[in-house]
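Notes for the one structure printed next.
The values are calculated or read from the model by the stated rules, or taken from the named source; none is laboratory data. Here the structure is a predicted model, which means the values were calculated and not measured. Heads up, the Cβs are rebuilt from the backbone with ideal geometry, glycines too, and the neighbour counts pull from every protein chain shown.
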């Protein structure tokens with residue numbers, strides 16, 4: 001069964017801390033995405049990557065950075081966590097070669113981050 | 001990508017067909033319709049997608065009107081496990097296909 005694994009289900013951090021959220025996929029997918037989900041705002045795209053070492057900003061990249069050193073791993077970094085970054089973070093991956101199936105994203109279970 | 005409009009909530013009895021509507025009146029000719037669902041505390045799950053023909057898979061059927069301005073997702077025999085938020089998304093095919101999720105429809109299956 002295909003899998004997108006996020007390193008932590010729940011995470012509690014302090015304001016100002018540097019936070020790493022890790023995501024690993026086992027499907028050899030080219031594309032990987034980071035979304036955040038907040039009540040009333042739905043899912044919003046933070047960053048995505050279409051290849052190793054490549055990254056593109058999504059709709060809300062401010063306060064975040066990403067790293068993709070290996071194809072299977074995509075990390076989201078909060079350089080200095082703030083309380084307004086408390087949210088559910090969802091990682092996803094997709095194939096670039098799937099034809100119309102490129103819109104078939106596989107999501108992880110999410111990381112609920114609380115910044116105190 | 002074209003905007004979609006979905007009812008905020010719907011109810012359906014267990015065992016009955018659940019029909020979830022979606023309006024996408026500004027859809028362009030090469031935009032696809034995707035459906036996802038999100039069960040509480042999980043990541044979204046892909047259900048089905050289509051361009052203009054009706055589609056069916058093991059999870060659901062997708063009916064797209066001839067003018068493509070609206071579509072309906074059909075869960076033929078809804079179970080309690082189908083209780084979730086259902087998202088209708090319209091998107092062009094791209095190498096790295098970014099999907100914009102709206103508010104979706106909260107579907108509750110009642111016993």
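The figures follow:
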item: Boolean, residue B:78 is more than 14 Å from chain A (Cβ to nearest Cβ) and in contact (Cβ under 8 Å) with a residue 40 or more places away in the chain; result: yes
item: Residues of the stretch B:82-97 that turn out to be part of a loop (DSSP other than H, G, I, E, B) and surrounded by fewer than 21 Cβ atoms within 10 Å (Cβ to Cβ), as a count; result: 5
item: Complete set of residues in the stretch B:96-111 that are free of Cβ contacts under 8 Å to residues at least 60 places away in the same chain and out of contact with any helix residue (DSSP H, G or I) (no Cβ under 7 Å at 6 or more places or on another chain); result: B:96, B:98
item: Number of the condition not met by residue A:71 [criteria: (1) closer than 21 Å to residue B:49 by Cβ; (2) at pLDDT 95 or above]; result: (1)
item: Residue within the stretch B:14-32 that is within 11 Å of chain A (Cβ to nearest Cβ), surrounded by fewer than 20 Cβ atoms within 10 Å (Cβ to Cβ) and closer than 22 Å to residue A:46 by Cα present; result: no
item: Single residue of the stretch A:13-27 satisfying the filter (under 27 Å from residue A:97 (Cβ atoms) and without any contact (Cβ under 8 Å) to a residue 60 or more places away in the chain) that is surrounded by the fewest Cβ atoms within 10 Å (Cβ to Cβ); result: A:26
item: Residues located in the stretch B:89-111, provided they are farther than 15 Å from residue B:40 by Cβ and more than 12 Å from chain A (Cβ to nearest Cβ); result: B:110, B:111
item: Of the criteria (1) within 14 Å of chain A (Cβ to nearest Cβ); (2) assigned to a strand (DSSP E or B); (3) closer than 20 Å to residue B:3 by Cβ, which one residue B:52 fails; result: (2)
item: Unique residue being under 14 Å from residue A:113 (Cβ atoms), modelled with pLDDT of 95 or more and either in contact with a helix residue (DSSP H, G or I) (Cβ under 7 Å, 6 or more places away or on another chain) or within 14 Å of another protein chain (Cβ to nearest Cβ) (or both) when the list is A:21, A:11; result: A:21
item: Number of positions in the stretch B:53-68 that are at negative phi and surrounded by 14 or more Cβ atoms within 10 Å (Cβ to Cβ); result: 7
item: Candidate set: the stretch A:38-62, residues that are more than 11 Å from the chain's Cα centre (by Cα) and within 11 Å of residue A:87 (Cβ to Cβ); chosen: the one nearest to the other protein chains (Cβ to nearest Cβ); result: A:43
item: Tally of residues being within 10 Å of chain B (Cβ to nearest Cβ) and surrounded by fewer than 19 Cβ atoms within 10 Å (Cβ to Cβ) across the stretch A:28-37; result: 1
item: Residue within the stretch A:88-111 that is away from chain B (no Cβ under 11 Å) and at pLDDT 95 or above present; result: no
